[in-house]
1. Select, from A:83, A:24, A:90, the only residue that is assigned to a loop (DSSP other than H, G, I, E, B), surrounded by 14 or more Cβ atoms within 10 Å (Cβ to Cβ) and at pLDDT below 95.
2. For residue B:45, are the conditions met, namely being within 13 Å of chain A (Cβ to nearest Cβ), in contact with a Gly (Cβ under 9 Å, 6 or more places away or on another chain), of a type in the set (Ser, Thr, Tyr) and surrounded by 16 or more Cβ atoms within 10 Å (Cβ to Cβ)?
3. Would it be correct to say that residue B:88 is surrounded by 18 or more Cβ atoms within 10 Å (Cβ to Cβ), part of a loop (DSSP other than H, G, I, E, B) and within 18 Å of the chain's Cα centre (by Cα)?
4. Restricting to the stretch B:11-40, name every residue that is within 8 Å of ligand 1 (Cβ to nearest atom) and within 23 Å of residue B:185 (Cβ to Cβ).
5. Name the single residue that is nearest to residue B:216 (Cα to Cα) among those in the stretch B:20-40 being within 16 Å of ligand 2 (Cβ to nearest atom) and buried (at least 23 other Cβ atoms within 10 Å of the Cβ).
6. What number goes with the only condition from (1) away from ligand 2 (no atom under 15 Å from the Cβ); (2) modelled with pLDDT of 95 or more that residue B:54 does not pass?
7. I'd like to verify a number: residues in the stretch A:104-145 that are of a type in the set (Ser, Thr, Tyr), buried (at least 22 other Cβ atoms within 10 Å of the Cβ) and facing chain B (nearest Cβ under 9 Å), how many?
8. Quick check on the stretch A:168-185. Is at least one of its residues within 14 Å of chain B (Cβ to nearest Cβ) and of a type in the set (S, T, N, Q)?
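The values are calculated or read from the model by the stated rules, or taken from the named source; none is laboratory data. If you're wondering where the values come from, they're calculated on a predicted model, not measured in any experiment. Every residue, glycine as well, gets a Cβ built from its backbone with ideal geometry; the counts of neighbours run over all protein chains shown.
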Amino acid sequence: MSIFDTFLNWKVFVETLPLLLMGLWVTVGLGMAAIALGAAGGLLLALLRLYAPQPLRWIAVAYINVFRAIPLLVLLIVIYYALPFVGLRLTSYTSATLALSLVSAAYSAEILRAGIEGLPRGQSEAARALGLSPLRQMTDVILPQAVKLVIPPLTSNAINVMKDTSLASVVAMPDLLKQATQAQALAANPTPLIGAALIYLLLLLPFVNLVGFAESRLGRRTR
Amino acid sequence: MAAILEIRDVHKSFGRFKALDGVDLNVEEGEVVVVVGRSGSGKSTLIRCINQLEAHDSGLILVDGLDASRPRDLRRIRIETGMVFQSFNLFPHMSVLRNVALAPVRVRGLSWAEANGRARKLLERVGLAEQIDKYPGQLSGGQQQRVGIARALAMEPKVLLFDEPTSALDPEMVGEVLEVIQQLARTGVTMVVVTHEMGFARRVAHRVAFIDAGRIVEIGPPNAIFDAPRDQRLQTFLKAILSN
Ligand SMILES: Nc1ncnc2c1ncn2[C@@H]1O[C@H](COP(=O)(O)OP(=O)(O)OP(=O)(O)O)[C@@H](O)[C@H]1O
Ligand SMILES: [Mg+2]
């Protein structure tokens, strides 16, 4: 058997492609949900960390540190396999979304905080001096500028979340990787794995390039 | 006449450093008070305490009877007080027009149409009718500062605060901004202006306050301050300024 028949078997690829695409669909859905929930949670955490009164601020800091320290795979397995022992049985989809979102929120929070703190003091001073409410200061003046400032690291984080969705295959999530391993077993041929790898690359490479481009442009502008 | 701004025995420290050391100042409605003093004497700190961009440690600050140290009053004070900054602090992600119209919509509850109309008139008044759709980054320093003034005016404030409005400008743009402020002073709006422009102070101020080491050591009409200074420190300050 040639290398091509083994790793790039066209017939196997075509046969298993529908399976892979189903998995891709799940992967993208899971990733998007976790990115969105993580962004919302991250915004809340960043605001708490920056502006909330003491006990809340401390809780936000603790949350951010804990969820940046814990390995995602461990968290995922705890949620899926340990929580049922205390009566909390979550589906693999919910478990994966939850684990990814919880961690992404912690990273998003730190990114957004850096963005907010990176703005000149004069921006919030002008907003306050005009009498804008705290909410309006945020939505009209601070956040639009802060988010724009941190689009590259936010995109990097989103890429990481997308990649980490592949860990969900260990809790029986029928995502792209899981479908590929099953197809591999079915076809007794590793081509679906190569196919999955290529699909991950096709999905994420454009974003990686975008971040690289944005960063080099930002770097040039600030230099 | 009643004082619209009352400052009584205000103290403010940054760590161990006393930036304000017992400041008293009353400003009447319609009065223009120009604050002068050496760098680091506490001018910015004083003006920033009025709308609590810096919180003072002790003493009383009343704006139109509202107590700056009470959170409920502070919001009203900020609404009724306009501030113009040395570094302009325009919102770079908004057009010039929106910079000026924003607070009237968000705070005063005007519709965008009303606020844009008001903003257009004000921008025309400061000579920027042509620039309303540009972004702050596309304007010269002098133009940006005139937008800053229009933005403050759009809230129809009772008191206007200026913290060295021309110090960040190239020399050739100082005149156009001072001209706008001078015109404003004639309309009878209450103003507190921190500046190093002594000619402007002489022309525009009803009273000039000289601040040194966190205290107002001499205050009076411009000719008294500039032509017959009594305090030794004021005399030294004026000599230093005039010699360069
Ligand atoms: N946020 C701060 N933290 C620490 N020290 C400060 C702070 N703001 C001001 N100071 C100090 O307080 C003193 C008074 O500062 P202030 O800005 O009021 O001076 P100023 O009269 O406005 O001077 P300038 O003409 O240079 O603007 C200075 O010595 C300054 O270093
Ligand atoms: Mg100053």
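1. A:90
2. no
3. yes
4. Selection gives B:37 alone.
5. Of everything passing the filter in the stretch B:20-40, B:23 is nearest to residue B:216 (Cα to Cα).
6. Against the list (1) away from ligand 2 (no atom under 15 Å from the Cβ); (2) modelled with pLDDT of 95 or more, residue B:54 comes up short only on (1).
7. Residues flagged as of a type in the set (Ser, Thr, Tyr), buried (at least 22 other Cβ atoms within 10 Å of the Cβ) and facing chain B (nearest Cβ under 9 Å) within the stretch A:104-145 amount to 0.
8. no
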